[in-house]
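The values are calculated or read from the model by the stated rules, or taken from the named source; none is laboratory data. Owing to the predicted nature of the structure, the values given are computational and were not obtained by experimental measurement. For neighbour counting, all protein chains shown are included, and Cβ atoms are generated from backbone atoms with ideal geometry for every residue, glycine included. Surface accessibility is based on the protein's heavy atoms, side chains included, excluding ligands, DNA and RNA. Shrake-Rupley method; radii C 1.70, N 1.55, O 1.52, S 1.80 Å.
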Amino acid sequence: MKTFIKVIEIWIPDKERTQLEFGSGLYGSLTDFKRISEKQRFAYDEGLPGKAWAAGHPIVLSRFEDSYFKRTAAAQKAGLTCGIAMPIFSGDFLLAIVVFLCGDDREQAGAIEVWCNEPAAPETLHVLDGYYGSLGQFEALSRQIRLAKGQGIPGMAWEAGMPVLTEDIGLAAGFPRAEEAQKSGVATGLGIPFIHGDEQVYAITFLSANATPLAKRIQIWVPDPERGQLVCRQSYSKNSNNLAEIFETLTVDKGAGALGRAWLTGMPSISGNQEEVYNVELDDLSSMLAIPVIEQGRLKAIVTFLF
């Protein structure tokens, strides 16, 4: 099955915390690009991970040619054309950078966007930048509209201060781009708020079609009211089966497995060990990305992508 995202990387500060070094990654069959990437290091404000560190918010690099991207030749050879970097902070201090790399495939239908407000219009969000692949009309509409708090997936994530997962966007009530999403084949949307500071608001959105989903399964996990365990709040699956019912009954202790460690450390993680993830039989799922959502040093949620 094709997925919209082709490569995922996690970059972490080195021991001196002055440069970023390779932490882990999912590369699929792109072994040559993986080999080159594992040797890379990025200073503050250098390359895509370093730029996101310096900017202090998610950024999109929609083309690699004549840009600050450091692996352009290798990326072109691998069929990769754009990148999105999402920093994870605890207060002023960087924990890690998550990088998503996509390819320009005319058969792929999806988009990744970064939305933000600005001093002149602090009550609305607009597209700061985005990658839309073949969705030209959807891109044109997206770059024109403004979303208030609670409106659309970015506005809903802003209002809740939490990740938002929406299926059947084309039929969703109150989604400002529903008609164009339906025409373009965009079906599933995930919004993640970027909470870093009081007045500046950012939200990163992932939009995909059923034929090229972001992942086989996406989940949003939150601490229970006593903050003793994680519980699954929302789940999307490419394949409908009884696993959704299993996830609704699962709980995860802090520090236990990949999810529990993400809660304990606040660090994003990639895991390839099924037993380590959930301790249940997960058909053909082989790896997982876990992204913590942190506000004022406290975990609000963990978003997982399962492949």
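Sequence gap at least 6, Cα distance under 8 Å: using those rules, report the relative contact order of the range 64-176 to the nearest whole percent.
Numbers: 142 pairs, mean separation 16.9, N = 113.
Worked out over the range 64-176, it gives 15 percent.
Can you give the Kirkwood hydrodynamic radius of the range 169-224 from its Cα pairs, in Å with one decimal?
On the way: mean 1/r = 0.0762 Å⁻¹.
Evaluated over the range 169-224, this radius sits at 13.1 Å.
In a GNM of the chain with a 10 Å cut-off on Cα contacts, which of I84, I36, I169 has the highest mean-square fluctuation?
I36
May I ask you to list the GluC sites (Glu not before Pro) in the range 49-130 that are in a DSSP loop and have at most 12 other Cβ atoms within 10 Å of their Cβ? Don't skip to the end; give the middle numbers.
Working: sites: E65, E107, E113, E123; in loops: E65, E107.
Sites meeting the loop and neighbour criteria: E65, E107.
In a GNM of the chain with a 10 Å cut-off on Cα contacts, which of Q19, Q144, Q234 has the highest mean-square fluctuation?
Q144
Taking a ≥ b ≥ c as the square roots of the Cα gyration tensor eigenvalues, with a/c under 1.5 meaning rounded and otherwise prolate when a/b beats b/c, else oblate, which class fits the range 22-135?
Because a/c hits 1.5 or more and a/b fails to exceed b/c, the range 22-135 counts as oblate.
Per residue, what accessible area does the chain have, given a 1.4 Å probe and all protein chains present, in Å²? Walk me through the numbers on the way to the answer.
Values: 13270 Å² over 307 residues.
That works out to 43 Å² per residue.
Mind sorting out which of [x] 0.96; [y] 0.93; [z] 1.15 is the real Rg/Rh (Cα atoms, Kirkwood Rh) computed from the coordinates?
Answer by label: [y].
Rounded to the nearest angstrom and ordered from largest down, what semi-axes does the equivalent ellipsoid of the range 8-75 get from its C-alpha gyration tensor (root of 5λ)?
Computed over the range 8-75, the values are 18, 16, 10 Å.
Tell me the relative contact order for the chain as a rounded percent, counting alpha carbon contacts under 8 Å between residues six or more apart.
Relative contact order of the chain: 14 percent.
Quick check: net charge around P292, other residues with Cβ under 13 Å of its Cβ, Lys/Arg +1 and Asp/Glu -1?
Net local charge, P292 excluded: +3.
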